[in-house]
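Here is the structure we will look at.
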Amino acid sequence: MLDILRERRSIRRYRDREIEAEKIELIKEAALRSPSSRGINPWRFLFITDRALLAELSRAKESGSSFLKGASLCVVVCAAQGESDVWVEDCSIAAIILQLAGCSLGLGSCWIQIRKRMHSSNLSSEDYIKRVLGFPENLSVLCMIAFGYPDEEKRPVPSEQLEYEKIISDISQKT
Ligand SMILES: Cc1cc2nc3c(=O)[nH]c(=O)nc-3n(C[C@H](O)[C@H](O)[C@H](O)COP(=O)(O)O)c2cc1C
């Protein structure tokens with residue numbers, strides 16, 4: 001697990017290569033193994049591989065989502081409204097588990113924030129995605145995770161750059 005944590009970086013350039021169906025199944029399994037508050041599992045995961053839809057979804061935000069058009073898979077991480085008061089936490093945990101599972105399978109991925117983001121001045125990113133995909137109004141969208149075989153190389157963040165000052169081991173020395 002530590003090797004995966006060291007290796008994982010946000011990858012936004014992808015090779016023109018499909019992801020094998022078996023790998024997609026493993027990513028689905030990983031998502032469904034995510035822990036959630038009280039075991040309610042409020043999440044819903046939409047798996048999109050259609051290239052035309054990926055291109056449309058890449059326009060969900062004015063910036064920070066365009067690279068999705070080069071991805072092979074998008075997982076839209078949503079929650080059913082009213083199932084849990086901590087759906088943001090539950091979906092965030094599932095989203096990072098999706099990314100770590102992808103990394104373990106040799107895939108690059110990147111989180112695309114949707115909640116609280118806008119497509120344009122009078123349309124939220126969430127409502128834009130709902131229009132594109134035509135899915136139920138009673139789902140809230142947290143984020144999309146773009147996946148693909150990496151077409152860029154990123155080194156692990158060196159240990160010396162980790163912000164150990166943000167770890168408080170002795171509360172009496174807290175500054
Ligand atoms: C909550 C969250 C939202 C993010 N939103 C976006 C986004 O909308 N677009 C994007 O390109 N990257 C997004 N990222 C990726 C971050 O920019 C990236 O994780 C950060 O710069 C650290 O780089 P690393 O993932 O390579 O370690 C997001 C990451 C998180 C955790």
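Here are some notes:
- Lys69 fulfils the conditions (1) in a helix (DSSP H, G or I); (2) within 12 Å of the ligand (Cβ to nearest atom); (3) farther than 19 Å from Glu29 by Cα except for a single criterion, (2).
- The one condition from (1) small (Gly, Ala, Ser); (2) in a helix (DSSP H, G or I); (3) touching a Leu at 6+ places or on another chain (Cβ under 9 Å) that Ala60 does not meet is (2).
- Sole exception among (1) crowded, with 22+ Cβ neighbours inside 10 Å; (2) under 14 Å from Ala31 (Cα atoms); (3) within 10 Å of the ligand (Cβ to nearest atom) for Ser92, by number: (1)
- Filtered by the rule that a residue be away from the ligand (no atom under 16 Å from the Cβ) and either in a strand (DSSP E or B) or of a type in the set (S, T, N, Q) (or both), region 38-57 gives Asn41, Arg44, Phe45, Leu46, Phe47, Ile48, Thr49.
- Taken over region 45-84, the residue count meeting the criterion of being basic (Lys, Arg) and crowded, with 19+ Cβ neighbours inside 10 Å is 1.
- One residue stands out among those in region 1-37 that are among the aliphatic types (A, V, I, L, M) and over 11 Å from Gly102 (Cβ atoms): the one that is nearest to the ligand (Cβ to nearest atom), which is Leu5.
- Extreme residue, surrounded by the most Cβ atoms within 10 Å (Cβ to Cβ), among residues of region 120-175 that are under 17 Å from Glu62 (Cα atoms) and among the charged types (D, E, K, R): Glu126
Only the coordinates and a few stated rules stand behind these numbers; no lab work does. These figures come from a predicted structure and were not determined experimentally. FYI the Cβ positions are ideal-geometry reconstructions off the backbone, even for glycines, and counts take in every protein chain you see.
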